[in-house]
Each structure stands twice: as C-alpha cells, then as structure tokens.
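Step one of this worksheet: look at the structure below.
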Amino acid sequence: MKILANDGIAQEGIDLLEKEGFEVKNTRVAEEQLANYINKNKIEGLLVRSATKVDKKLIDGCPTLKLIGRGGVGLDNIDVKYAESKGIQVFNTPEASSESVAELVFAHLLNGVRFLHDSNRNMPLDGDSQFKQLKKSYAAGVELRGKTLGIVGFGRIGQATARMALALGMEVLFTDHLTKEATLSLSFFDGQSVDFTLKSSELKEVLANSDFVSLHVPSQDTYLIGEKELGLMKPGSGIINTSRGGVLDEVALVEALDSGHLAFAGLDVYESEPNPEIKILMNPKISLSPHIGGSTLEAQERIGIELADKVIKLLKK
Ligand code: NAD
C-alpha cells in the first residue's frame, strides 16, 4: 500500500510505516499535479499538514484514496464532510504539538515584555552612541512573574500554556465556552507534582483583568477579539495569537497598538496567510513568526509517529 506525505513527515513515522510494509512517498507534489500523481501511483493514504488543500475537486479526482491524515490540529484545509461522504477516513494528530505551541506563546511574551523583536531589528553594526540610545529606549521591560495571563480557549494548548504560566509564577485566568473548571497538574523533573484548580471567567473579565491575553480557540465565523474586546483590555497590556488568523481583528489590533492602548502583540497566525498585511509585518510593536507553533523537532516526531500509528491501524485492520 502506498502513502504520500505531501507536506513532509518525520523519519520516525516513515520507519514505522515501512516496517509494516507501506511504501512512503515523502515528496511535495504541486497542487495542479496532485490528483494525477495519486492516481498514477495508486496512493491510498494522503498525509498533509497545513499547506496542501484537499477540496472536493481533489477528492473526486482520486478514487484510490482511503484515508487523509492531517499532521497537526486544524482541519480547515480539508473538506472533511465531503471526504467522509465518499467513504474516505479523515484524522488529525491533535495532541502532538500542544507543548510546542505553548512554548511559542512564551517566546512571543518574552519578546514583548523585553522588546527583543524590535531590538533584534535595530541593533547597530557599530556605533557607541546608537547602542546607548537603544539601551535607553528598551530600558522599561517588565517581568512575567507575578503578572496575570488571560487564556481564551482552555483546551489542549490553552491548558499547556496555563501550566507554563503557573510554573513561571504567573496568575492565570481563563474563559472557555465549554470548560468551567479544570485541575492542572504541574510535574517536575524529580517526579513531584502540584495540582492547581482553576475556574473559568467571562471573556470580558479575562480581558479586563489580565496583563497579557493569549488566544487558543479554533477558527471562528466572526472575530472573537475585535475593537470592542481590545478596548476592554488593560491599558499597556499585550496579546498573543497562535490560534488562527481571523480570531483576532488585525485592523483593530494595529489601531490599539498605534494609539498606545496595547503595548505589544505576538502573532504566529494571520488573517491573510501566507501574505500578512504590510502594516502587521512592519509594526515595531508586533513580534512575528510564520505559523510555526508546531514546528519543533519533538512535535514533528510525535506527529510522524501518531500519523503512522493511525494509518497502520486503519489500513491494516
Ligand atoms: P482544543 O479543541 O483542544 O481547544 C479549543 C478550546 O476552545 C475548547 O476548549 C473550546 O471549548 C474552546 N472554544 C471554542 N470556541 C470558543 C469561544 N468562542 N469562546 C471560548 N472558548 C471557545 O484546541 P487546541 O488543540 O488547544 O488548539 C487551539 C488552537 O490552536 C486551534 O485554533 C488550532 O488550530 C491552533 N493551533 C495552532 C498551531 C500553530 O502552529 N500556531 C498549532 C496547533 C494548533
């Protein structure tokens, strides 16, 4: 049986599949040639990440397909309903990247409170006076310890982010339309663990009482955080979005940053991917990353193994 990993797969996943007798084609086929390639090679399993779009046309053009696996969480690039109506099984690997995304939240948060994203852009190649001037302009950093992190969406990544915040000595508020209470266990390297029980608050309370807000909801039909919600946030606070573009209104965000109401933002996802607005890219108060929340070696390895395990279970049963 043949599997095409069109957006790449970790070697550990390939090894597991090959051990079970699958032939894995770990190659990138352009969108317009994909149906032809799948048919010619009699591919039964298509593995993708976020880059490959699997729409009705592709599904109709590939009668050999039995399953589609998405490495990662969001299934927005796959027409899941249509695939399933054609008898194709669709699955994802929701757990594998949570810790990596949560760590990226703190990369952006630490950038924001110590201006690292901007100082990286502005460090002088030489010149004493410019260095001293920069030192002054970046002198008013703040610590995360003792501050409050507001988490919007308390699922896998929201909770992983909360555990890291608690470990740093931060207070955590959260809002979630399903989870009203959660007990988080913080495990340490010596095997000890501490439990924290947290209760949810209304979105407006989270926004008004947090020094920083981090977004962890799935794709929404309308902005969850627009002008009104940004207006409720504490003056001088910061916001991080590693969830999905479209959850946060970027026009309202830039206005809130330019007016000085918000101090900074950290973005891994954008309303217009892969071409974020120039106003976002050039804003000195925004720490940027190109949708790499799950792009660590560890997450990729876990994703590869989970994809392989699921393919083996589904196609060899
Ligand atoms: P999850 O399903 O475990 O958690 C999402 C939570 O949001 C759920 O608890 C749900 O009840 C809550 N929720 C949904 N709509 C809400 C609303 N309107 N108000 C309040 N709560 C709401 O998902 P997850 O695995 O934690 O992923 C969270 C987000 O992160 C998703 O958008 C996912 O696509 C994104 N993600 C991004 C990257 C990246 O590379 N940046 C990687 C993985 C996942």
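For segment 143-200, filtered to residues that are over 21 Å from residue 233 (Cβ atoms), assigned to a loop (DSSP other than H, G, I, E, B) and not charged (D, E, K, R), the residue that is nearest to the ligand (Cβ to nearest atom) is 155. With respect to the conditions (1) surrounded by 19 or more Cβ atoms within 10 Å (Cβ to Cβ); (2) more than 16 Å from the ligand (Cβ to nearest atom), residue 78 falls short on a single one, namely (2). Residues considered: 299, 265. Of these, the only one that is under 30 Å from residue 45 (Cβ atoms), modelled with pLDDT of 95 or more and out of contact with any Gly (no Cβ under 6 Å at 6 or more places or on another chain) is 299.
Scoring residue 90 on the criteria (1) in contact (Cβ under 8 Å) with a residue 40 or more places away in the chain; (2) in contact with an Asp or Glu (Cβ under 7 Å, 6 or more places away or on another chain) leaves a single failure, condition (1). Scanning segment 212-252 for residues that are without any contact (Cβ under 8 Å) to a residue 40 or more places away in the chain, polar (S, T, N, Q) and assigned to a strand (DSSP E or B) gives 237, 241. Taking every residue in segment 1-16 that is surrounded by 19 or more Cβ atoms within 10 Å (Cβ to Cβ) and pairing it with any residue that is hydroxyl-bearing (Ser, Thr, Tyr) and in a loop (DSSP other than H, G, I, E, B), at least 6 positions away or on another chain, the pairs with Cβ-Cβ distances below 6 Å are 6/52.
Taking the criterion of being touching a residue at least 60 places away in the same chain (Cβ under 8 Å) and either small (Gly, Ala, Ser) or touching a Pro at 6+ places or on another chain (Cβ under 8 Å) (or both), the residues of segment 158-211 that qualify are 160, 210.
Of the residues making up segment 8-44, those that are of a type in the set (Asp, Glu) and either over 20 Å from residue 296 (Cα atoms) or modelled with pLDDT under 95 (or both) are 18, 20, 23, 31, 32, 44.
The values are calculated or read from the model by the stated rules, or taken from the named source; none is laboratory data. Predicted, not measured: the structure shown is a model, and the values here were computed from it. Every residue, glycine among them, receives a Cβ derived from its backbone with ideal geometry; neighbour counts consider all protein chains shown.
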